[in-house]
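> Let me give you the structure first, and then I'll get to my questions.
Just so you know, all these numbers are worked out from the coordinates, no wet-lab data involved. Treat the numbers as computed from the prediction; the structure is a model and nothing was measured. Here the Cβ positions follow ideal geometry from the backbone for every residue, glycine too, while neighbour counts run over all protein chains shown.
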Amino acid sequence: MNTWTNEELRKIGSAEELEIAPLRDDGTLRNPVTIWVVRVGDGLYVRSWRGRTGAWFRHIQQRPEARIVAGGITKDVALMDVSSDEALNNEIDAAYQSKYGKYGATYVLPMIAPQVRATSRKLVVSDTH
């Protein structure tokens, strides 16, 4: 696994939205879905607004790999489950509230709800595909 550069962290972390295209079993890309992304320290994190029923999230449960596009950066990533790390999830909650609070509680509160917190994934640079 590689690590994010400071420029990649800055560009992706400050991007309003991220396109995520999970990989199929044969390695081809599924259709991309637009989601929100937040940066906490040197990590980038995503959650499924629809919880575990979101299509992209169901796909990464089968194969936790995807291609992302955000802030002019395209990367292949692995998605690491961080949902059981309570302290980290509190930081991710705060990052969602800070970054996306301008959209109001209707959009932000679902992103910090327990069923959505349960989908917290860290984006890890992948060199495997």
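> Based on the alpha-carbon gyration tensor of the chain, what equivalent-ellipsoid semi-axes (square roots of 5 times the eigenvalues) come out, in whole Å, largest first?
Working from the Cα gyration tensor, I get semi-axes of 21, 17, 14 Å.
> If you don't mind, there's one more thing I want to ask. So if the hydrodynamic radius of segment 1-76 is defined as the Kirkwood radius over C-alpha pairs, what does Stokes-Einstein give as its diffusion coefficient at 10 °C and 1.306 mPa s, in µm² per second?
124
> Nearest 0.05, what FRET efficiency do GLN115 and THR34 give at R0 = 22 Å with Cβ-Cβ as r?
Efficiency, from the Cβ-Cβ distance: 0.65.
> Averaging sequence separations of C-alpha pairs under 8 Å and six or more residues apart, then dividing by the length of the chain, give the relative contact order as a whole percent.
With pairs under 8 Å counted, the relative contact order is 31 percent.
> Please state the equivalent ellipsoid semi-axes for segment 38-95: what are the square roots of 5 times the Cα gyration tensor eigenvalues, largest first, in whole Å?
Whole-Å semi-axes of the equivalent ellipsoid: 18, 16, 10.
> Run the quick spin-label model on TRP49 and ALA87: label points 7 Å from Cα toward the beta carbon, then report their separation in nm to one decimal.
3.2
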